[in-house]
Amino acid sequence: MRKFLVILDDSRECLNAMRFAAMRAAHTGGGVTVLSIIPPDEFNHWIGVGELMREEERERITVHYEVFAKWMRDRQDVEPELVIREGEAVPEILAHVRENPDVGVLVLGAGEGKAGPGPLVTQMTRAAADLPIPDHDCPRHDDQGTPRSDHLAQHPMPMPWTYRHAQKEFASILARTKDEMGSALLSDNMTYTAIEGVLRCFRARLTPEQVIAFGDVLPSILRAILVHQWDVTEAPRPFGTRAGMTKEVQAHRQHHNIATDDCIEAFAIALWSHSNHRDLARVLAKIGPEAEDFWAVTRYELSELQPKII
């Protein structure tokens, strides 16, 4: 289950971040982790006094957390979890993300006015290259829950993770496809040719509208490969047998192609491992059962192929 990570502090923006994380978790079937970080210099006192202050701070944090947790349970049917760490904010956030691969999105609340988005958002923006998951600067809302236009003008949406880390993401897709095909002879270039062949084979069975819808849920580089040299005037072909479509993939640039007989499923495993399952399943279901069969996986349960931090 993908979790939304939100930071608990005393800022006004914390409320928006909590609300956004809970709403998204409820909508996507995910979870919410509320992380509170105690600064390292908070308890630089004699041992006994410091321990007492630490315990009191943890109790204060728990009471603060329960205010948000009750709203999430009552209004969104989401059961959050509280994590308390001690240290500097940014390193502790990065450490928690790396230690917990089920964390999928970091949700931050942006500040208002001329002061800018706030110190935590500013620090995390500087550390974005080290953050292996998407970070979302959630908008302020009006009383009806609608994002306010002045916030959107001051704080535009951040670059999607799949664009910021496109090369790293595609390298992981290549590696997983190569591993599943199990051929020691495959180079990255040969694996790319197999992937391109599978995408073209599938694309040839779709209408332009279906190609665009499918591309919208793909990682960024796969999206580009899908539409490269695409003749939108070609009529869709019927789906064939798995053996027949595999031969079609293997015939793509055949002098540079040593794709194995399981190349379609091998790439399907890599695709499911790097995609949002809900979005991909929704698009395939709308295209039809033959599309679902094309990307079906028999070696694993789909729950074993949840996207990981890469």
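Does Phe214 meet the test of being among the aromatic types (Phe, Trp, Tyr), closer than 18 Å to Lys178 by Cα and either in contact with a strand residue (DSSP E or B) (Cβ under 8 Å, 6 or more places away or on another chain) or in a helix (DSSP H, G or I) (or both)?
Spelling it out, it is not the case that Phe214 is among the aromatic types (Phe, Trp, Tyr), closer than 18 Å to Lys178 by Cα and either in contact with a strand residue (DSSP E or B) (Cβ under 8 Å, 6 or more places away or on another chain) or in a helix (DSSP H, G or I) (or both).
Being out of contact with any Ser or Thr (no Cβ under 6 Å at 6 or more places or on another chain), crowded, with 19+ Cβ neighbours inside 10 Å, at pLDDT 85 or above and not polar (S, T, N, Q): is that true of Ala26 here?
no
Are any residues in the stretch 4-23 closer than 15 Å to Tyr65 by Cβ, modelled with pLDDT of 85 or more and among the aliphatic types (A, V, I, L, M), and if so, which ones?
Leu5, Val6, Ile7, Leu8, Ala17, Met18, Ala21, Ala22
Tell me the helices (runs of 4 or more DSSP H) entirely within the stretch 158-211 that contain at least 3 residues that are crowded, with 21+ Cβ neighbours inside 10 Å. Working first, answer last.
Numbers: elements: 161-164, 166-181, 188-203.
Of the helices (runs of 4 or more DSSP H) lying wholly inside the stretch 158-211, those with at least 3 residues that are crowded, with 21+ Cβ neighbours inside 10 Å span 166-181, 188-203.
The values are calculated or read from the model by the stated rules, or taken from the named source; none is laboratory data. Everything numeric in this text was worked out from a predicted model, so none of it was measured. All Cβ positions, even for glycine, are placed from backbone atoms using ideal geometry, and neighbour counts span all protein chains on display.
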